[in-house]
Amino acid sequence: QGPDMPLSRLRKAIEESCPHLASSVHIRLKLMAEGELKDMEQFFDDLSDSFTGTEPEVHKTSVVGLFLRHMILAYNKLSFSQVYKLYTALQQYFQNDEKKNGIDESDMELTNTEELEGKMEKEELDVPLREEEISCSGPLSQKQAEYFLSQQASLLKNDETKALTPASLQKELNNLLKFNPDFAEAHYLSYLNSLRVQDVFSSTHSLLHYFDRLILTGAESKSNGDEGYGRSLRYAALNLAALHCRFGHYQQAELALQEAIRIAQESNDHVCLQHCLSWLYILEQKIFDSCVLLEHSVNKSLHFGLPYLASLGIQSLVQQRAFAGKAANKLMDALKDSDLLHWKHSLSELIDISIAQKTAIWRLYGRSTMALQQAQTLLSMNSLEAVNVGVQQNNTESFAVVLCHLAELHAEQGYFAAASEILKHLKERFPPNSQHAQLWMLFDQKIQFERAMNDGRYHIADSLVAGITALNSIEGVYRKAIVLKAQNQMSEAHKLLQKLLIHCQKIKNTEMVISVLLSIAELYWRSSCHTIALPVLLQALALSREYSLQYLASETVLNLAFSQLILGIREQALNILHTAIEPVLAHGAVLDKGCAMFLVAKCQVASAASYTPEKKIEALESAILNLNEAKTYFAKVDCKEQLRDVLYFQARLFHTLGKTQERNKCAMLFRQLHQELPAHGVPLINAFK
């Protein structure tokens, strides 16, 4: 199936599986190559005798029997000149190996033992590389070329790391096209290869060539009659629309899609029209939200028996409704129905996408435990698709998404070593030049940013902003504002957050809108404008509840409790804290848990002022226990600034209770941290986070 391998490699392959046969193969080849043409004739005559007799050596219907009969038939069809050409090619094949062995032997005489060992090791290391063999093998037969193309296409889909590098693959494809310029499939693989490196010009060029060759060779017309020509044209327009959409050229994509729809309507091709409708929804989504198109697409796809397209439609509908704030139970029911469709039709890839979608939805709703469960489910699943040995089916976008979420979940809980291992694994699975590498690059930068911010190294965090902005502009701008806020550049941070808020409201990125509102509220606290912060927080709370973003709602309530505490409404602050703290402790990041416990302690101390002496001591001791818990959480993520604040607060409480030894210990630890992280002139206990 593959290209011809050198004789030495062929012998080695035979020796590994059947040692006693290798010498027989070599002897037979030597007899034919060093003998005459009649020796090759005799070989084929002997093959025919293998099927004769009462107990033949090979059965005609066996795998080997079918292969031998196919080979004998092909040989018998050859003209005399073709037989002679085959014989000379066989001689050349054998002599090339002999010459190589002769050179190796002369080298052996000239080199010492150490050099020879080094050379042998190098040869062993070079064994898996097939690029040299392919490029040096000259023109391939049609079947060899088809095998090579199907193998590389399969690897690009399932395990891109095992496919040839983009440059090497393009070199081989150019080599194939040099001998057969009308080989349509080679142009299509060239198109897929260009997409890997985001080369818009080459990918468009190869795609157009593919459909041109498909029409010129008449491959479509043979299988589809008169419809073949039109079918190629409409699918060419549809693929071109998809290509432009991928690169963000929405106007060109719309024009190409209109052309595809027009041709499909003329030909009454309902299948093509359904694909067009799906892409029309994607394009319309860039302009305005339209569920009507998508619902129509799903219904029509089911009607025409297109389960793959129907399922993708359901996935898109669920995603859109998740962003619109629909209840999680309804979305999960819809995904359950689509899962039944997947299992019924064994759509392995869509099962993976569905689980990845569930992971992302639970993360959106702030249920990290459920997200973790879904991520583990996908990672422990076996693929339904039969793939070659050594090919990892799981190198798809779904697995990249799930592993990224898993890395972030571990980082949030303070397991940075585990997160680093997951990211290392992602880098191996999805190298920087692969199409899904941007996912882990963004998560890697975000995790590094959070660590730098926790550690108080704002200059490092600031240097990471450029990388985040290159991968996701909204995330980059938000993090730039966070750095400015931490560096006490309040007016610059406020301007940036206001611009970001307007942009996110325009594109309906509700999750980011709420995060920005919380950051703006924090700016108002730091400027001692607590009354101005309240309407901003109430707006954030209304949005988070409207869109069912439970975790963000809990975080907003904690911020409201802090505002009430500062404004002197202590009892009310403590009451609303108890309603919001449970989701934070159950699903929150370690840093948020620490901030929540610290806030509880502050509220307890503030409320204790009006208590009787006995109750006051009890309340203060309870506050110290909560501060110890907060301290444990902050230490886990190495958040030195928050640790400093907790130690300061604990020292004050121990002093009030008359515990001198504990107070001195906290004071000493506070002093060490305070010298390491100066306060920059900001009051210590004037911020929630």
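The values are calculated or read from the model by the stated rules, or taken from the named source; none is laboratory data. Because the structure is predicted, anything quoted here is derived from the model rather than measured. Every residue, glycine as well, gets a Cβ built from its backbone with ideal geometry; the counts of neighbours run over all protein chains shown. Side chains included, ligands, DNA and RNA excluded: accessible areas come from the protein's heavy atoms. Shrake-Rupley method; radii C 1.70, N 1.55, O 1.52, S 1.80 Å.
Here is a yes/no grid of residues against (1) more than 26 Å from G248 (Cα to Cα); (2) modelled with pLDDT of 85 or more; (3) of a type in the set (K, R):
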residue: L156; (1), (2), (3): no, no, no
residue: Q170; (1), (2), (3): no, yes, no
residue: F179; (1), (2), (3): yes, no, no
residue: A184; (1), (2), (3): yes, yes, no
residue: Y191; (1), (2), (3): no, yes, no
residue: V197; (1), (2), (3): no, no, no
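Out of L73, L47, I need the residue that is open to solvent by 80 Å² or more (accessible area, probe 1.4 Å), assigned to a helix (DSSP H, G or I) and of a type in the set (A, V, I, L, M). Which one?
Result of the check over L73, L47: L73.
Which ones in the stretch 475-516 are closer than 17 Å to A533 by Cα, hydroxyl-bearing (S, T, Y) and touching a residue at least 12 places away in the same chain (Cβ under 8 Å)?
Answer for the stretch 475-516, where residues must be closer than 17 Å to A533 by Cα, hydroxyl-bearing (S, T, Y) and touching a residue at least 12 places away in the same chain (Cβ under 8 Å): just S515.
Report yes if L192 is touching a residue at least 24 places away in the same chain (Cβ under 8 Å), under 21 Å from F399 (Cβ atoms) and in the same structural domain as R246 (by the TED database), otherwise no.
Answer is yes for this residue.
Just give me the residues in the stretch 520-553 being of a type in the set (S, T, Y) and either assigned by the TED database to the domain that holds S368 or open to solvent by 10 Å² or more (accessible area, probe 1.4 Å) (or both), in sequence order.
Correct list: Y524, S527, S528, T531, Y547, S548, Y551.
Among the residues of the stretch 60-70, count how many are open to solvent by less than 100 Å² (accessible area, probe 1.4 Å) and not in a helix (DSSP H, G or I).
Count: 1.
Across the stretch 453-504, what is the number of residues that are open to solvent by 60 Å² or more (accessible area, probe 1.4 Å), outside any helix (DSSP H, G or I) and under 17 Å from M441 (Cα atoms)?
0
Inspect the stretch 411-430 for any residue being over 12 Å from the mean Cα position of the chain (by Cα), closer than 27 Å to A521 by Cβ and open to solvent by less than 30 Å² (accessible area, probe 1.4 Å) and give the result as yes or no.
yes
Would you check which residues across the stretch 342-357 are open to solvent by 30 Å² or more (accessible area, probe 1.4 Å) and in a helix (DSSP H, G or I) and list them?
W343, K344, H345, E349, I353
Out of L47, L78, L73, report the one residue that is modelled with pLDDT under 85, among the aliphatic types (A, V, I, L, M) and out of contact with any strand residue (DSSP E or B) (no Cβ under 9 Å at 6 or more places or on another chain).
L47
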